[in-house]
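Below is one structure, written out as structure tokens; comments come after it.
Values in this text are rule-based calculations from the coordinates and carry no lab data. Please read all numbers here as calculations on a predicted model, not as lab measurements. Heads up, the Cβs are rebuilt from the backbone with ideal geometry, glycines too, and the neighbour counts pull from every protein chain shown.
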Amino acid sequence: MSLKQKTLDLKKRMQGAIQGGGAKAIEKQTAMGKMTARERIIALLDPNSFQEYDLFVEHSAKDFDMDKKHLPGDGVITGTGNMNGYPVCVFAQDFTVAGGSLGFMHASKITKIMDHAMKLKIPLIGINDSGGARIQEGVNSLAGYGEIFFRNTIASGVIPQISVILGPCAGGAVYSPALTDFVFVVDKISKMFITGPEVIKTVLGEEISMEALGGARVQSEITGNAHFFAESEDECFEQIKKLASFIPWNNTKKAEPFPVKKPNTKLYKIDNIFPQESNQPYDIRNIIKSIVDDSDFFEVHELFAQNIVVGFARISGQTVGFVANQPLVLAGVLDVDSSDKAARFIRFCDAFNIPLVTLVDLPGYLPGVDQEHAGVIRHGAKVLYAYSEATVPKITLILRKAYGGGYIAMCSRHLRADFVFAWPTAEIAVMGPEGAANIIFRAEIAGAENPDETRKQKVKEYKKKFANPYVAAAYGFVDAVIDPLETRRFLIHAIEVSSHKEETRPFKKHGIPPF
Ligand code: HXC
């Protein structure tokens, strides 16, 4: 054959391979409102930047008539491309080919692109649409998952790993995402479970729909397995690009700086947002928006454990990670889920050189049998561990309540905050005035002629003595009590002077966090 003929032959082979599971399967995929795997990659990456590899990979399985089955690309597309102008590695499972199930060669394609991502020190984005381990390939497909999980773990904290769930994902197809940094889901399209409804019915006799078992809302609101919820695949890809704009490409870099933009202080005016009374709720996200560049706050885990708010923003053009109690929900208490949410986010920021800004307004850890039995001690300890371990610049601002364990846990000086600021409204004490007065003045109140009046008097006394920032400031636990309207100026200064911060911890193989 001539060069021309051989090139034509190549094109024909390529055309055949990119058809995936064929017209009928693609029609089924489209009818479900889903893009094809290739369309997804094109939509996610910068135009014309995708370069595919291993298009001609074939499986070599023989059992269960697999030798008679041709599975184009073995059900997964892999390659490199650009996102926001920077290189990334990507894979997308093709549900039209054997349900995107993971056979040995399918796994080999994924592990190869994962190895590239680690060598090139660039993010890995995995689009998952898969029924899990390919049943016909037995232990070979399990081996494939093991190889992926191992690489996910080794890559953790070295390169950002992003998972997108765009179909009914089962078994290993959800355990690999669970090992990555951020999981994105789309309403009505994404489903995650370790085993689907059919298996549950067979084994347990329980009937449940895929949506109710592990749909996008369930994973975003209840389990917290998903960090970002979108209404459509397009919206999901925009979210990924936005996330990527805030984070560095690997753990040796800082996030790219952006041009400085002032916050919209007309819309987010602290005087209007922050209430007069110390027990009135308010939305902490508005406070964040009143401080950060362009009032642009990109929330992570928005629908899960809403009593704490975490997410990215920029101050003076630099990415920072915010961790903030949310007085709108459960008065901003720390509980099992919010502790998990905060600790995980802190560890991501620390691994990827993103300074942490902590906003404090909480009555403490949530008491009660449910929380104690759910392990609030173990989960709550994760926050203490994550903050203590973190060596990125840590700036803490106490707005209002900072009581008891909550005061310590929310990046206090004692967990090595670099700067601790407090508004004059801050109340730093072992517990709230009512509870404290009831305990320390119990006898006096009980013996008084008018116990109610005495209680009120004692609460007032306690408030005056402790419910302020000045006792902590007198000990140097708070560095400066600041005018709330000067918050942005203080934060900019703190971040600028911390830009060369270096802090080390004693050598160890690794710590043992309260997982
Ligand atoms: C081989 C599979 C498959 C699998 C789906 N298919 N899952 N083939 N191995 N695991 C094939 C189907 O046979 C079908 O092929 C095509 O993909 C589409 O699947 P449907 O069932 O028609 O689609 P749908 O009704 O949308 O249901 C999707 C599903 C369901 C919920 C994912 O297929 C399902 O429950 N699959 C099994 C899930 C599972 O239990 N996986 C193993 C997990 S164990 P045809 O030829 O008919 O089009 C695991 C081990 C890892 O992953 C452990 C990690 C710790």
Which Rg and Dmax, in Å, describe the Cα atoms of region 474-515?
-> 16.3, 45
Filter the GluC sites (Glu not before Pro) in region 1-101 to those in DSSP coil with at most 14 other Cβ atoms within 10 Å of their Cβ, and list the result.
-> Glu58
When the charge dipole of the chain is computed with +1 on Lys and Arg Cβ and -1 on Asp and Glu Cβ about the Cα centre, the Cα farthest towards its positive end, among Thr96, Tyr475, Pro327, belongs to Tyr475
Reachable aspartates and glutamates from Lys24, Cα under 19 Å, same-chain residues fewer than 8 places away excluded?
-> Glu39, Asp74, Asp94, Asp129
Most exposed to least, judged by fewest other Cβ atoms within 10 Å, Met118, Met35 sort to Met118, Met35
Between Leu328 and residues 5 or more places away or on another chain, the pairs with built amide H atoms under 5 Å apart involve Tyr282, Ile284
Order by neighbour count: Thr80, Thr195, fewest other Cβ atoms within 10 Å first, most last.
-> Thr195, Thr80
Selection of trypsin sites (Lys or Arg not before Pro), region 52-142, meeting DSSP coil and at most 11 other Cβ within 10 Å | Lys62
What's the lysine pair count for region 222-339 at a Cα cut-off below 30 Å, pairs eight or more apart or interchain?
-> 24
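Which ordering of Arg13, Arg488, Arg400, Arg151 is given by a fewest-first count of other beta-carbon atoms within 10 Å?
Starting with the residue having the fewest Cβ neighbours, the order is Arg13, Arg488, Arg151, Arg400.
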Percent antiparallel among DSSP beta bridges with both residues in the chain, to the nearest 5?
-> 35 percent
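Report the gain in length on full extension from Ala381 to Thr111: 0.36 nm times residue separation, minus Cα-Cα distance, nm rounded to one decimal. Present the calculation step by step, with values, prior to reporting the outcome.
On the way: separation 270, 0.36 × 270 = 97.20 nm, distance 3.44 nm.
Stretched fully, the Ala381-Thr111 segment lengthens by 93.8 nm.
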Quickly work out the Ile408-to-Ala374 label distance, labels modelled 7 Å from Cα along the C-beta direction, and quote it in nm with one decimal.
-> 2.2 nm
Using unit Cβ charges (K, R positive; D, E negative) and no other charged atoms, how large, in debye to the nearest 20, is the dipole of region 211-314 about its Cα centre?
-> 580 debye
Mind listing the phi-derived Karplus ³J(HN,Hα) values for region 132-139, rounded to whole Hz, using 6.51, -1.76 and 1.60 with θ = phi - 60°, and x for any glycine or proline?
-> x, 4, 5, 4, 5, 9, x, 5
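Mean separation of Cα pairs under 8 Å and 6+ residues apart, divided by the residue count of the chain: what relative contact order is that in percent?
Working: 1061 pairs, mean separation 40.4, N = 515.
Rounded, it is 8 percent for the chain.
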Looking at region 1-95, which chymotrypsin sites (Phe, Trp or Tyr not before Pro) are in a loop (DSSP not H, G, I, E or B) and have at most 13 other Cβ atoms within 10 Å?
-> Phe56
Nearest 20 debye, what's the magnitude of the dipole of the chain about its Cα centre given +1 on Lys and Arg Cβ and -1 on Asp and Glu Cβ?
-> 1180 debye
Of the candidates Ile208, Ile428, Gly21, the farthest towards the positive dipole end of the chain (Lys/Arg Cβ +1, Asp/Glu Cβ -1, centred on the Cα centre) is Gly21
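Quick check: residue separation of Glu147 and Lys456 times 0.36 nm, minus the Cα distance between them. What number comes out in nm?
That pair, Glu147 and Lys456, stretches by 104.8 nm at full extension.
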Cα-based shape type of region 211-338, given that a ≥ b ≥ c are square roots of the gyration tensor eigenvalues and the cut on a/c is 1.5 | oblate
If amide H atoms are built 1.01 Å from N in the plane of the peptide, which residues on other chains or at least 5 residues away come under 5 Å of the amide H of Lys191?
-> Gly167, Cys169
What lysines sit close enough to Lys456 to cross-link, taking a C-alpha to C-alpha distance under 27 Å and skipping anything fewer than 8 places away on the same chain?
-> Lys401, Lys464, Lys465
